[in-house]
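One structure below.
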Amino acid sequence: LTGVLDDCLCDIESIDDFNTFKIFPKIQKLQERDYFRYYKVNLKRPCPFWADDGHCSIKDCHVEPCPESKIPVGIKAGSANKYSKAANNSKELEDCEQANKLGAVNSTLSNQSKEAFIDWARYDDSQDHFCELDDERSPDAQYVDLLLNPERYTGYKGPSAWRVWNSIYEENCFKPRSVYRPLNPLAPSRGESFYTWLEGLCLEKRVFYKLISGLHASINLHLCANYLLEETWGKPRWGPNVKEFTRRFDPIETKGEGPRRLKNLYFLYLIELRALSKVAPYFERSVVDLYTGNGHEDAESKALLLDIFRDTKSFHMHFDEKSMFAGDKKGAKSLKEEFRLHFKNISRIMDCVGCDKCRLWGKLQTQGLGTALKILFSEKEIQNLPENSPSKGFQLTRQEIVALVNAFGR
């Protein structure tokens, strides 16, 4: 993939160079630190849009003989959990068991970690938050160690997974009903007319579509890069699946669609990079602490984060978000609100993902992108922050900070 990206003056080679040598090694280190590796998430929220379609996932199997619902959600991946002999005769149950082992969210945490979280919550509650995320207070919300639960291909596919993406594109991207979305594998071939139509959209709506397409490409790439290649003697071997990658991104196999998807991934990177450079003043204040209770580690984490911000500011080809929502005030305001509501809806669709691990990473990356957009639309508030007191105008919760860094890391 080479050349300049649409809607911005940046070329792919510059992004690759900047990311490989400056950003990626530091972001990787940051993600390993306690503040950023634990994410609080509610994986039990019901899908608000359709009845659960019975895909076997860690939470419940929906196959009668499979007593999955009685197993604690915190079941460890790969535990020797066998069903009765009669049940094992069913092919569906074998699939169920396989999905359970691969898709299980490892929620084991040390007692030390648990005590630290109570401390963090107290500290978080003492901050003057801009908004309270409903998940935080739910008894179903739990801390998950992201390092123990890497994003990878778990066998979750088919109609259930397709329906989630279809709902995201069809109902949340701005478009007339007559236009087929480009990633619908069941839609008739649509040729170039789709892109002619897309180019005719205003910049904001085009950007929205590209961000969602970029997020989709990003998630698909992670699944291809960390794929279950074989399972011998109960030991799974994960690694890159080149065949799967070409199926999703090769220009010939995708009729020219693959490179467009990858370009949208670069576009998503630029948007999140821009958000990081814009939010730096929020974290540069002494009143903001990446609090875990370990003073030495907290100081190191903050120093590393500020170092990354310095790098993001040095990048010379940022996306110019001032070109967005720059029309008449009233129109810009209503479009921004529409953007926000569309995005909120997409984050709710993530509760319809049938595999817990996919749901975890889907929620995290959606929230990360949502936080990036929140930052880009709050520039004035960030510039006017008081140095030594919690701000009224702009606030980020620990949830949002963790999601932003990890989504960008992905």
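The figures follow:
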read-out	value
List Arg45, Arg237, Arg398, Arg310, ordered by accessible area with a 1.4 Å probe, largest first	Arg310, Arg237, Arg45, Arg398
Estimated FRET transfer efficiency when R0 is 51 angstrom, pair Asp289-Glu230 (beta carbons, to 0.05)	0.65
For segment 268-335, size of Cβ-based charge dipole, Lys and Arg +1, Asp and Glu -1, in debye	540
Distance (nanometres) between label positions extended 7 Å along Cα→Cβ at Glu297 and Asp140	3.0
18 Å Cα-Cα threshold exceeded, pairs from Lys44/Lys157; Lys29/Lys263; Lys205/Lys344	Lys44/Lys157; Lys29/Lys263
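The values are calculated or read from the model by the stated rules, or taken from the named source; none is laboratory data. In this text the structure is predicted, and so the values were computed from the model without any measurement. Positions of Cβ are generated from backbone atoms using ideal geometry, with glycine treated the same way; all protein chains shown enter the neighbour counts. Keep in mind that these areas ignore ligands, DNA and RNA; they rest on the heavy atoms of the full protein, side chains included. Shrake-Rupley method; radii C 1.70, N 1.55, O 1.52, S 1.80 Å.
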